[in-house]
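Shown next, in structure tokens, is the structure this report addresses.
The values are calculated or read from the model by the stated rules, or taken from the named source; none is laboratory data. All values reported here derive from a predicted model rather than from experimental measurement. When we count neighbours, we look across all protein chains shown, and the Cβ atoms used for this are built from the backbone with ideal geometry, even at glycine.
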Amino acid sequence: MQTFLASDVIYTTRVKPQLETGLKDQGLDGEVDVPDSPYLPDTGWLDPAAVADRVGALGGGGGGDSGDAAPGLHGNGLGTVTLGGVALTPDASTSVPLSGDLVFEIQVLNQGENTETEVPVNVTVGSGGDATDFNEVLPEIAAGETATVEVPFDAEPPTGQNVPITVEVEAVPGEEMTDNNTGEFSVIFTR
């Protein structure tokens, strides 16, 4: 911002007067106006606190590594998780009938003070080399809001045995507490 201020000073004190003199010498001084410098509209942009307030008012950060976080508290949490309409219970087995149109419905809770955008939600079914990953992105969630992300499940898991499932809402920039972003479940798929 200081560079923009310096360029405005140079433009105003050196460039603009020379342009106006050239126009006057050519007899065009009343016909063409030389604009003021557009770079720094006011000196408030030189104050770091004012810049943080102005940029923070534009909206919150996003998921992944998209850059610095807006001022204020950031954080999402994992709410309820259902698969095919059956609520999954953390650290317990739940029976889910297999069908061709199973969908995870994952609640994301914005527990921060900012709107968050492009929040990745990941589901891992199985473990080790047999694991299958499913991913969706929540486009936007406002501060204090709850949103549901639907993640289609189109795999053929084993039936009649416990299948581990991990659901994660990825941390957003500025999020410091992430212990409520992940849930571990166990599902017994039935036919």
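Numerical summary
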item	result
Any hit, region 16-26, residues being on the phi > 0 side of the Ramachandran plot, at pLDDT 80 or above, loosely packed, with under 11 Cβ neighbours inside 10 Å and part of a loop (DSSP other than H, G, I, E, B)	no
Residue identified as at pLDDT 80 or above and assigned by TED's automatic domain parsing to the domain that holds E175 among T80, T13	T80
Test for A131: is it in contact with a Ser or Thr (Cβ under 9 Å, 6 or more places away or on another chain) and free of Cβ contacts under 8 Å to residues at least 12 places away in the same chain	yes
Cβ-Cβ under 9 Å pairs, at least 6 apart or on other chains, region 144-155 side without any contact (Cβ under 8 Å) to a residue 60 or more places away in the chain, far side exposed (fewer than 14 other Cβ atoms within 10 Å of the Cβ) and assigned to a loop (DSSP other than H, G, I, E, B)	P152/D101; D154/G100; D154/D101
Residues located in region 88-128, provided they are small (G, A, S) and over 17 Å from N162 (Cα atoms)	S99, G100, G112
Strands (runs of 3 or more DSSP E) wholly inside region 88-182 that include at least 3 residues being under 18 Å from L78 (Cβ atoms) and not hydroxyl-bearing (S, T, Y)	103-110, 116-125, 132-141, 146-152, 162-169
Flag for L40 being in contact with a Leu (Cβ under 9 Å, 6 or more places away or on another chain) and modelled with pLDDT under 80	yes
Extreme residue, farthest from T115 (Cα to Cα), among residues of region 160-191 that are of a type in the set (V, I, T), surrounded by 13 or more Cβ atoms within 10 Å (Cβ to Cβ) and more than 27 Å from the chain's Cα centre (by Cα)	I188
